[in-house]
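Below: the structure, in structure tokens.
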Amino acid sequence: MPTIEMSFSDLERLVGASIPKDAEELDYLLSFIKAEVEEFTGDYLRVEVKDGNRPDLWTVEGIARALRGVLSVETGLREFKLSDQPPIEVFVDPALKEIRPYIACAVVYGVEIDESVLVGFIRLQDKLDLTYGRGRKRTSIGLYVADLITPPIYYKLVGPDEVSFVPLGFDEELTLRRILEEHPKGIEYGHIIKDYPKWPILMDSRGKVLSMPPIINSADLGRVTTETRNILVEVTGTNWTAVSNTLTIVATSIAERGGVIRKAVNKHPYEPREIETPQLQPNESKVTKEYVKSVVGLDLEPAQIAELLEKARYGAKAVGDEIVVQIPAYRVDIMHPVDIVEDVAIMYGYDRIEPVVPQIMTIGDISEEEKFANLVREIMIGFGFQEILTFIMSSPEIIRDKMRLPREGYIEVANPRTLRFTCLRDWITPSLIEFLSFNTHVEYPQKVFEVGYCVVPVKDSPTGARDKRVLGFAIAGDQVTFTDAKSIADGFLRLLGLSYELREIDYPSFIEGRVGKIVVGGVEAGMIGEVHPEVLNNFGIGKPVVVCEIDLGALQEVKKRSI
Amino acid sequence: MSELVLHPLEKTLLKALQKLGEASLEQLRDETQLDQAAVSRAVMWLYEKGLATIEEHRTKTYSLGPEGRKFALEGFPERRLVEVLGRLEEASLSKLREEMGVSEEEFSIALGWARRLGWVSIEKRDGETFAKLLTVPEISPEERVVKALAERERAEHEIDPTLRDALEKLSKRPGVIEVSEKVFRKVAITEEGRRVPPQLLEVVEEVSRLTTDLIITGKWREVKLRRYDIQRPAPVVWPGKKQPYLKFLDELRERLVALGFEEMRGPIVEYMFFNCDALYMPQDHPAREIHDIYYIKEPSMGDLSPYSEFVDRVKAAHEYGWTTGSRGWGYKFSVAEAAKLILRSQGTALSARTLINPDLKIPGKYFSIVRCFRPDVVDRTHLTEFNQVEGIVVAKDLTLKELLGILKTFAVEIAGADKVRFRPDYFPFTEPSVELAAYKEGYGWLEFGGAGIFRPELTLPLGVEVPVIAWGLGVDRLFMMKAGIDDIRQLFTRDLDWLRKAEML
């Protein structure tokens, strides 16, 4: 969730009305735009905007615009000042279609900016590139000093060694190829274009480079400072709607600083062809009084709904039972009328809505599996075992190497974060032994159990895997032998009304001749064994350990069959 | 004061002390005929009860040397000499030595002492020396000393003052007496000890353990079952019990069942489709980045064909809104991406599965408490595996009002909240969305959960035409608050000692 840093006094000036200085009260005010105070010391204010789809709120200018509505300082659609000059022309090379097809530009004139405003714009640009722009893949933004550029602007493709320019942060001219190899941004974002034979470049009519989208701006035309008054904004990308939306958000945010917007006409040789940006025309939608009632549960009059929507900075007019709504162009989050209705509810105030407990008669129940698990846990506690809780994720070292087993037959994740958690356990015994290994200093005998999940690979299943709920228990201490575990397993199965057969097997994790498979109703349901001393050494345990694990799903199956 | 309970050993000892006033351990042993260990133990007990004092002091102790032990066994040489001489009346020294069967040297020592003690006299006749018996006591003071020391070593004060002289003399004979310094414990009765009435000191035959034999033979009537000191600490026993966090989740499950919720289930290895796509999270959504979801290595993709009907509609909803009235996300949906296999990262995946289940009940209330996985590095506030508690309510005519009503019920019934607070929130799959905070006296405000009404772009493609309220509860924080822990890793504690000692909350 994005956080926005600002100066409180700047915010107050932009809002044009006094806003609460008390953090609690300010927090309440911000809740109307789904934001909250993260830090507020002196004049420094950091706000978290919880809505990941509202980039129009990712600047102090955008927040101020929204708060003016909440505080009724200024309601309804925000009008932006437009320049009388003809739109700037932008020409697009047809070959870009397969690489990075879309561009949208605009110029904002007469902007007063200081250091903090500049930082705010750069942060907005970074956040949009990262989230809405999906790491510059979908969209990326460039800001330029408009006075240094001679229109029209050309968006075209060039070979990696054809053009060179001084990128931001460098003193010397580099070829595009060298930028990808040497510039930090080239290294970070180069993957987006590097597989193409030619790469995107943005130039003015004199052949001066503006930038190499989506990598880096030029250090001449593309370095905006506090001296800059006229800013050219440009967005390129792979999705036209996203490109256009991004430009609208950036241009309108900058224009909040008192600027005048000059449009650009972006001449694509393919859809959307010649198109003017920024797109400031509101989208029209409708909601009915009934629909609002069906979502919010409040019987509001259309005029009241319209008024609330105006506070949320929509244009709204009640017409009979309908409300005709004009959605600001920067509200890229509105996909469905339900999004508009939520704003009605928010502006009405969640704390004014009376909660109603729905009278829905349903019968609660826990799953059969959980019921059986509870029964099993009750039995084990009766036997005096301490319940433990361990992780389902593990590592081949734990579930195989230390257990004297070959590395095979378990499910691994493709992107582990640490070596401790790289796969899913397919048996619970290693988890129990690992737990005991953390407690060698604790009084013996130790008796622990867990009813937990394992995940086993299954070839013919659609997901290639199956969850297995198992009971595992372990006893550790001097004098402990196979028989101790067998006694418990005996008692456990007897209490469940199940008889079993113990089949001798060879299993490297256990002492030869002291391990057996538990077979219930012809189904292999588990294993009992006395842990091999080498395994104990591997885990640093100095006492004999016996374990047993039983597949509860298998037991449930057998029980079901016998009914 | 509680009734005085005395062990039989204590009774015996105290009786002796009442008689002696003060005594050494050795004296007490002699007096009571108990063994050393029993005396020591009982004295300690009496001391702890304030019935006796123990005073330590150092004293000279006399015991027999090698020569002395030989004297004790075989008699003094002078005694042997007078015994032999007694049979012979009078004898020449050579004859006497012959009779005694000893070496010259031994004989001269024996004769020397016998003469010094005035037991024999010698006179020379016909060039030969004869020994003559004078008055010989039955037992000499020296012999009494050796006899006493042969029984056991004696402290200085234990030796009869009339024998002091003899002891002095014996000390001069080489190897007879050994002197050492020793710590002595002197036990003295206290006033309180004296006041213990005699009837309390009656030693009846007492039995510690009630045996089967005593019970069935009726012998228990003849013996006294010894009173126990019930204040004495008993050995620690660790009972079997539930893991505290799991117990908390059990109780939560019961509460939800009591509120009419039915449990949902779903697999750990899940399709991306149910975890994200079916929830209307766009495929290039930042939360679906590789950092937030674990992908399965092999097989990396599952077979979605059993759900193709839903996949097609979800695809249409993402791309252009399908028939939901939405404009959709406006991107090209990839079925291959939806078929990717992952570890379930949110419990909402179960809600999606429940909504497509032909047995879905309308109205219906469902919940799940399931393990979810995210590739976080484990620290005080993050786990890579955690439990999520969430669910859905499916019914006609549900609105934001009912949503708030359900949340309020949870806050009161589960968190025991005194006050609740609702604020607008954002979740990718609900609209409107609400954050729930619960206030509890002594704890303050706790963000306790989030909820919302599933977006139409989510429910309609899954074939559900009524509103669905979705909720999730942040119960881990609630448990941590209750249990007084501030490290989330302790939910999965590895500390057996902590588990054994944890109070049952």
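The values are calculated or read from the model by the stated rules, or taken from the named source; none is laboratory data. Because the structure is predicted, anything quoted here is derived from the model rather than measured. So basically every Cβ, Gly included, is an ideal-geometry build from the backbone, and we count neighbours across all protein chains shown.
A:Ala66 meets each of the listed conditions (1) surrounded by fewer than 21 Cβ atoms within 10 Å (Cβ to Cβ); (2) within 14 Å of chain B (Cβ to nearest Cβ); (3) in a helix (DSSP H, G or I) apart from (1).
Each row is one residue, and each column tells you yes or no for (1) buried (at least 22 other Cβ atoms within 10 Å of the Cβ); (2) in contact with a strand residue (DSSP E or B) (Cβ under 7 Å, 6 or more places away or on another chain); (3) farther than 30 Å from B:Asp303 by Cβ.
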| residue | (1), (2), (3) |
| --- | --- |
| A:Glu408 | no, no, no |
| A:Pro430 | yes, yes, yes |
| A:Ile433 | yes, yes, yes |
| A:Leu436 | yes, yes, yes |
| A:Pro445 | no, yes, yes |
| A:Lys459 | no, no, no |
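Of all the listed residues (B:Gly325, B:Gly330), the sole one being touching a residue at least 60 places away in the same chain (Cβ under 8 Å), at positive phi and touching a helix residue (DSSP H, G or I) at 6+ places or on another chain (Cβ under 9 Å) is B:Gly325. Being surrounded by 19 or more Cβ atoms within 10 Å (Cβ to Cβ), within 26 Å of A:Val558 (Cα to Cα) and of a type in the set (D, E, K, R): is that true of A:Arg425 here? In short, yes. When A:Ile323 is tested against (1) surrounded by fewer than 21 Cβ atoms within 10 Å (Cβ to Cβ); (2) in contact with a Leu (Cβ under 8 Å, 6 or more places away or on another chain), only condition (1) is not met. In summary, A:Arg257 fulfils each of the numbered conditions (1) assigned to a loop (DSSP other than H, G, I, E, B); (2) at pLDDT 95 or above; (3) over 27 Å from the mean Cα position of the chain (by Cα) with the single exception of condition (2). Exactly one residue out of B:Ile469, B:Ile414, B:Ile453 is within 50 Å of the chain's Cα centre (by Cα), β-branched (Val, Ile, Thr) and surrounded by 23 or more Cβ atoms within 10 Å (Cβ to Cβ), and it is B:Ile469.
Of all residues in the stretch B:233-276, those satisfying the criterion of being assigned to a loop (DSSP other than H, G, I, E, B), small (Gly, Ala, Ser) and either over 19 Å from B:Leu350 (Cβ atoms) or at the interface with another protein chain (Cβ under 8 Å from one of its Cβ atoms) (or both) are B:Ala234, B:Gly240, B:Gly260. Does at least one position in the stretch A:46-56 carry a residue that is under 27 Å from B:Arg288 (Cα atoms) and either part of a helix (DSSP H, G or I) or without any contact (Cβ under 8 Å) to a residue 24 or more places away in the chain (or both)? For the stretch A:46-56, residues under 27 Å from B:Arg288 (Cα atoms) and either part of a helix (DSSP H, G or I) or without any contact (Cβ under 8 Å) to a residue 24 or more places away in the chain (or both): present.
Of the strands (runs of 3 or more DSSP E) contained entirely in the stretch B:1-117, those carrying at least 3 residues that are closer than 25 Å to B:Ile177 by Cα and at pLDDT 85 or above fall at B:52-64. Return a yes/no flag: does the stretch B:319-341 have any residue that is more than 30 Å from A:Val341 (Cα to Cα), within 9 Å of chain A (Cβ to nearest Cβ) and not in a loop (DSSP other than H, G, I, E, B). Yes; the residues of the stretch B:319-341 include at least one that is more than 30 Å from A:Val341 (Cα to Cα), within 9 Å of chain A (Cβ to nearest Cβ) and not in a loop (DSSP other than H, G, I, E, B). Check the stretch A:454-467 and report whether any residue there is touching a residue at least 40 places away in the same chain (Cβ under 8 Å), within 36 Å of the chain's Cα centre (by Cα) and under 19 Å from A:Leu375 (Cβ atoms). Taking every residue of the stretch A:454-467 in turn, none turns out to be touching a residue at least 40 places away in the same chain (Cβ under 8 Å), within 36 Å of the chain's Cα centre (by Cα) and under 19 Å from A:Leu375 (Cβ atoms). Just to be sure before I move on: is B:Arg87 among the basic types (Lys, Arg), in the same structural domain as B:Leu117 (by TED's automatic domain parsing) and free of Cβ contacts under 8 Å to residues at least 40 places away in the same chain in the structure I sent? Answer is yes for this residue. Of everything in the stretch B:279-300 that is in a helix (DSSP H, G or I) and free of Cβ contacts under 8 Å to residues at least 40 places away in the same chain, the residue that is surrounded by the most Cβ atoms within 10 Å (Cβ to Cβ) is B:Arg288. The set of residues from the stretch B:277-297 being closer than 20 Å to B:Pro461 by Cβ and facing another protein chain (nearest Cβ under 7 Å) comprises just one member, B:Asp284. Considering the stretch B:301-314, the residues that are farther than 19 Å from B:Glu465 by Cβ and without any contact (Cβ under 8 Å) to a residue 24 or more places away in the chain include one that is farthest from the other protein chains (Cβ to nearest Cβ), namely B:Ser308. Is one or more of the residues making up the stretch B:41-51 within 30 Å of B:Val176 (Cβ to Cβ), surrounded by fewer than 21 Cβ atoms within 10 Å (Cβ to Cβ) and in the same structural domain as B:Glu191 (by TED's automatic domain parsing)? No, every residue in the stretch B:41-51 fails to be within 30 Å of B:Val176 (Cβ to Cβ), surrounded by fewer than 21 Cβ atoms within 10 Å (Cβ to Cβ) and in the same structural domain as B:Glu191 (by TED's automatic domain parsing). Taking (1) surrounded by fewer than 17 Cβ atoms within 10 Å (Cβ to Cβ); (2) under 29 Å from A:Arg206 (Cβ atoms); (3) of a type outside the set (S, T, N, Q); (4) modelled with pLDDT under 95 in turn, A:Asp129 satisfies each apart from (1).
When we screen A:Tyr154, A:Tyr132, A:Tyr144 for residues that are of a type in the set (Phe, Trp, Tyr) and in contact with a Pro (Cβ under 8 Å, 6 or more places away or on another chain), the only hit is A:Tyr132. Counting only helices (runs of 4 or more DSSP H) that sit wholly inside the stretch A:290-409, those with at least 3 residues that are within 9 Å of chain B (Cβ to nearest Cβ) and farther than 27 Å from B:Leu460 by Cβ are A:368-382. Within the stretch B:108-120, not a single residue is more than 60 Å from the chain's Cα centre (by Cα), farther than 28 Å from B:Pro66 by Cβ, without any contact (Cβ under 8 Å) to a residue 12 or more places away in the chain and surrounded by 11 or more Cβ atoms within 10 Å (Cβ to Cβ).
Residue count for the stretch B:356-385 under the criterion of being within 34 Å of the chain's Cα centre (by Cα), facing chain A (nearest Cβ under 8 Å) and part of a strand (DSSP E or B): the result is 2.
Counted as qualifying within the stretch A:112-205 are the helices (runs of 4 or more DSSP H) with 1 or more residues that are under 22 Å from A:Asp93 (Cβ atoms), namely A:176-182, A:184-189. Scanning the stretch A:204-223 for residues that are surrounded by fewer than 21 Cβ atoms within 10 Å (Cβ to Cβ) and either free of Cβ contacts under 8 Å to residues at least 60 places away in the same chain or not acidic (Asp, Glu) (or both) yields A:Asp204, A:Ser205, A:Arg206, A:Gly207, A:Lys208, A:Ala219, A:Arg223. State whether the residues of the stretch A:29-37 include one that is more than 12 Å from chain B (Cβ to nearest Cβ), within 22 Å of the chain's Cα centre (by Cα) and surrounded by fewer than 16 Cβ atoms within 10 Å (Cβ to Cβ). Checked the stretch A:29-37: no residue is more than 12 Å from chain B (Cβ to nearest Cβ), within 22 Å of the chain's Cα centre (by Cα) and surrounded by fewer than 16 Cβ atoms within 10 Å (Cβ to Cβ). The strands (runs of 3 or more DSSP E) found entirely in the stretch A:487-563 that carry 2 or more residues being surrounded by fewer than 20 Cβ atoms within 10 Å (Cβ to Cβ) and free of Cβ contacts under 8 Å to residues at least 12 places away in the same chain are A:510-520.
When B:Arg164, B:Arg185, B:Arg195 are checked against the criterion of being over 49 Å from the mean Cα position of the chain (by Cα) and in the same structural domain as B:Tyr47 (by TED's automatic domain parsing), a single residue qualifies: B:Arg164.
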